[in-house]
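Laboratory data are not the source of any read-out in this text; all were calculated from the coordinates shown. What you see is a predicted model; the values in this text were computed from it and never measured. Glycine gets a Cβ as well: all are built from the backbone with ideal geometry, and neighbour counts include every protein chain shown.
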Amino acid sequence: MADGKRPGGLTALAVLNFVFGGLGALLMLGLVALLSVTSSAVHAAGGELTSAPGAGLVYLALLLGGINVILLIASGVGYIGQKKFLGRTLGTVYAILSLAGSVISLAGLHTGFGIGTIIGLIYPVLTLVLLNTTFKDDLVN
């Protein structure tokens with residue numbers, strides 16, 4: 001970039017990353033709390049939550065979600081600083097993991113195709129496209 005200014009679209013992408021990262025963090029905390037309460041109730045009834053069908057996929061989805069939240073926020077910082085590794089590389093890794101998480105949720109957990117799934121598919125694809133075309137030359141530090 002010749003004039004040294006950060007493009008407005010890159011700043012907007014960073015803001016979206018912070019918003020989605022913050023909402024994702026709140027969602028992850030809520031899901032962990034819900035899982036804890038459910039586990040306590042199942043244990044009190046004499047069962048074990050980890051033996052339920054699909055329990056492994058739930059834990060995998062939680063792990064991927066937590067990693068995605070960290071990657072979203074870290075890549076948002078990278079977009080602000082126009083950092084190649086922190087922005088472009090971590091943003092690309094986020095997008096790929098997020099798409100994998102959406103596929104796991106749709107195929108394995110049968111969560112249905114709602115607005116969350118649509119956002120979970122469109123935003124990572126948009127991130128991949130923008131990082132590797134429009135903002136490719138802006139993330140150079």
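If I take R0 = 41 Å and measure r between the Cβ atoms of residue 84 and residue 39 in this structure, what FRET efficiency does the formula 1/(1 + (r/R0)^6) give, to the nearest 0.05? Provide the component values of the computation, followed by the final result.
Numbers: r = 42 Å, r/R0 = 1.02.
Efficiency computed from Cβ-Cβ geometry: 0.45.
Just to check I understand the Karplus step: with θ = phi - 60° and J = 6.51 cos²θ - 1.76 cosθ + 1.60, what whole-Hz values come out for the range 118-123, glycine and proline as x?
My calculation for the range 118-123 gives 4, 5, x, 9, 6, 4 Hz in order.
Pairing the Cα long axis of helix 55-81 with the longest principal axis of the chain, what angle in degrees results, from 0 to 90 and rounded to the nearest 10?
So the helix axis and the longest Cα principal axis differ by about 20 degrees.
Relative contact order for the range 22-141 using alpha-carbon pairs under 8 Å, separation at least 6, rounded to a whole percent?
Values: 105 pairs, mean separation 29.5, N = 120.
Here the relative contact order equals 25 percent.
Could you give me the ³J(HN,Hα) list for the range 83-98, computed from phi with Karplus coefficients 6.51, -1.76, 1.60 and θ = phi - 60°, whole Hz, x at Gly and Pro?
Karplus values, whole Hz, x for Gly and Pro: 8, 5, 6, 5, x, 5, 5, 5, x, 5, 4, 4, 4, 5, 5, 5.
Considering the dipole of the chain built from charges on the beta carbon (Lys and Arg +1, Asp and Glu -1) around the Cα centre, which of 124, 89, 141 is farthest to its positive end?
Of the options given, the answer is 141.
Could you work out [θ]222 nm for the chain from helices alone, using -39500 (n - 2.57) per DSSP H run of at least four and dividing by all its residues? Round to the nearest 500 deg cm²/dmol. Mind showing how you got there, number by number?
On the way: 4 runs with 100 residues, N = 141.
Result for the chain: -25000 deg cm²/dmol, rounded to the nearest 500.
When the distances between all Cα atoms of the chain are binned every 10 Å from zero, what whole-number percent does each bin get?
For the chain, the pair-distance distribution reads 12, 38, 27, 15, 7, 2, 0.
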